[in-house]
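Chemist: There's a structure below that I have some questions on.
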Amino acid sequence: MTTTPVVARSREELAAARAPLTEGDVAVVMTMGALHEGHARLIRTARERARHVLVTIFLNPLQFGPREDLSRYPQTFDDDLEICTREGVDVVFAPTPDVVYPDGEPGVRISAGPLGDVLEGQARPGHFDGMLTVVAKLIHLTRGDLIYFGQKDAQQLLLVRRMTRDLDFDTSVVAIPTVREEDGLAMSSRNTYLAPSDRETALVLSRALWAGAAHAEEGPSAIRRAAREVLIEEPLALVDYLVLVHPTTLEDVPEWYTGEALLAVAAKIGSTRLIDNTPVLVGHGGGARPVFADEPTR
Ligand code: AMP
């Protein structure tokens, strides 16, 4: 038997819904809604580990730039609730911006620091400050013991881990591998923007990552070259970056490097900006990795 989760819209409703949950055993999955199988997998993984799962659905205006897709971002609350029901979620916290930011835009925010200025941060100034600020608030509001994030957004995952360590949050960050469509496309709420021909074009991202990872044993330049050669063949993908970087500094790895690295790509396909990545083990037998062997630490 499945029961519909308690839906909390206000801080008071959240506090009331959170109160009966077992202390120390609450996992939180933070989302912007338009849930898909990637989110469902996060919830399922959280359920395996924690007694209670709380999902937040909040389209955070603070992490969108003025020319970004906040106003057209898909909103599918009824379908989202169905997925949460199916996955056995206890509580859904779905506030409006005035509940999360009762005094308007916060004057004090979390700063992502230098790691927030590169890659996605370079393309989206202020994005990671806005993201970390809401993650910090949602950790406080939900009092999550474990928080679950996807490898799909690798820089976000890294920054959330850094924030919880650097600022001594009493919560553990757990990652799950990127969930993909059968043809390799990383699942994303933004995939709904893609016209059928764009969707075909978008496959070049995962193809480039696999091509790079297949050369992992040979070293950084072979990985980069193989990935780049795939991307070059698709002129309809306007590549923003293709990088092979250290997983915690996000700096390009040098040619002599062996060990874990992140192969990441961002490109505009039609009017939609997509990102994808894979952890790779450079040298040492090589190959793609689902997530970095890291965490959880408390
Ligand atoms: P979003 O709603 O896009 O902000 O994503 C909410 C959470 O789901 C984040 O931790 C994402 O990294 C994660 N997520 C989104 N898409 C995927 C995916 N395809 N595979 C794994 N995790 C994902």
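The values are calculated or read from the model by the stated rules, or taken from the named source; none is laboratory data. Note that this is a predicted model, so its numbers are computed, not measured. So basically every Cβ, Gly included, is an ideal-geometry build from the backbone, and we count neighbours across all protein chains shown. SASA here: full protein model, heavy atoms, side chains in, ligands and nucleic acids out. Shrake-Rupley method; radii C 1.70, N 1.55, O 1.52, S 1.80 Å.
Chemist: I'm checking my understanding of the structure. Among residues of region 172-199 that are of a type in the set (Gly, Ala, Ser) and near the ligand (Cβ under 8 Å from one of its atoms), which one is most open to solvent (accessible area, probe 1.4 Å)? Walk me through it before giving the result.
Modeler: Taking region 172-199 as the starting set, the residues that turn out to be of a type in the set (Gly, Ala, Ser) are 172, 175, 184, 186, 188-189, 195, 197.
From what's left, near the ligand (Cβ under 8 Å from one of its atoms): 186, 188-189.
On the way: ALA186: 7, SER188: 25, SER189: 9 Å².
Going through the qualifying residues, I end up with SER188.
Chemist: Would you check which residues across region 172-184 are part of a loop (DSSP other than H, G, I, E, B) and either among the basic types (Lys, Arg) or touching a residue at least 60 places away in the same chain (Cβ under 8 Å) (or both) and list them? Walk me through how you get there before you give the answer.
Modeler: The initial filter retains those residues of region 172-184 that are part of a loop (DSSP other than H, G, I, E, B), namely 177-179, 181-184.
Within region 172-184, PRO177, THR178, VAL179 meet the criteria.
Chemist: Quickly run through region 62-87 and pick out the residues that are of a type outside the set (A, V, I, L, M, F, W, C), within 15 Å of the ligand (Cβ to nearest atom) and without any contact (Cβ under 8 Å) to a residue 60 or more places away in the chain.
Modeler: Start the filter on region 62-87 by keeping residues that are of a type outside the set (A, V, I, L, M, F, W, C), which leaves 63, 65-69, 71-76, 78-80, 82, 85-87.
Retained after the next criterion (residues that are within 15 Å of the ligand (Cβ to nearest atom)): 63, 68-69, 72-76, 79-80, 87.
If the condition is that a residue be of a type outside the set (A, V, I, L, M, F, W, C), within 15 Å of the ligand (Cβ to nearest atom) and without any contact (Cβ under 8 Å) to a residue 60 or more places away in the chain, then GLU68, GLN75, THR76, ASP79, ASP80, GLU87 are the ones that fit.
Chemist: Restricting attention to region 213-242, report how many residues are crowded, with 19+ Cβ neighbours inside 10 Å and farther than 16 Å from GLY287 by Cα.
Modeler: 5
Chemist: Right, here's the next one. Which of the residues that make up region 134-163 are among the polar types (S, T, N, Q) and open to solvent by less than 10 Å² (accessible area, probe 1.4 Å)?
Modeler: Kept after step one, since they are among the polar types (S, T, N, Q), are these residues of region 134-163: 142, 151, 155-156.
If the condition is that a residue be among the polar types (S, T, N, Q) and open to solvent by less than 10 Å² (accessible area, probe 1.4 Å), then THR142, GLN151 are the ones that fit.
Chemist: Looking only at region 5-51, count how many residues are under 30 Å from PRO102 (Cα atoms), at pLDDT 95 or above, open to solvent by 30 Å² or more (accessible area, probe 1.4 Å) and β-branched (Val, Ile, Thr).
Modeler: Adding up the residues that qualify gives 2.
Chemist: Just to be sure I understand the filter: pairs with C-beta atoms under 9 Å, separated by 6 or more residues or on different chains, first member in region 139-159 and assigned by TED's automatic domain parsing to the domain that holds PRO247, second member within 9 Å of the ligand (Cβ to nearest atom) and not in a strand (DSSP E or B). Which pairs pass?
Modeler: Between residues of region 139-159 that are assigned by TED's automatic domain parsing to the domain that holds PRO247 and residues that are within 9 Å of the ligand (Cβ to nearest atom) and not in a strand (DSSP E or B), there is no close pair.
Chemist: Quick one: which of THR56, THR96 is among the polar types (S, T, N, Q) and within 16 Å of the ligand (Cβ to nearest atom)? Let's see the steps before the verdict.
Modeler: Values: THR96 fails: within 16 Å of the ligand (Cβ to nearest atom).
None of the other options fit; the residue is THR56.
Chemist: While we're on this one: Give region 113-123 a look and list any residue that's open to solvent by less than 30 Å² (accessible area, probe 1.4 Å) and either more than 13 Å from the ligand (Cβ to nearest atom) or part of a loop (DSSP other than H, G, I, E, B) (or both), or say none. Can you show your working first?
Modeler: Restricting attention to region 113-123, the residues satisfying the condition of being open to solvent by less than 30 Å² (accessible area, probe 1.4 Å) are 113, 115-116, 119-121.
Matches in region 113-123: GLY113, LEU115, GLY116, LEU119, GLY121.
Chemist: What is the residue count in region 28-67 for residues that are of a type in the set (S, T, N, Q) and either not in a helix (DSSP H, G or I) or not assigned by TED's automatic domain parsing to the domain that holds MET131 (or both)? Let's see the steps before the verdict.
Modeler: Quick first cut of region 28-67, residues of a type in the set (S, T, N, Q) only: 31, 45, 56, 60, 63.
Subset that is either not in a helix (DSSP H, G or I) or not assigned by TED's automatic domain parsing to the domain that holds MET131 (or both): 31, 56, 60.
Matching residues across region 28-67 total 3.
Chemist: Filter region 88-106 for residues that are part of a helix (DSSP H, G or I) and free of Cβ contacts under 8 Å to residues at least 60 places away in the same chain and give the result.
Modeler: Correct list: PRO97, ASP98, VAL100.
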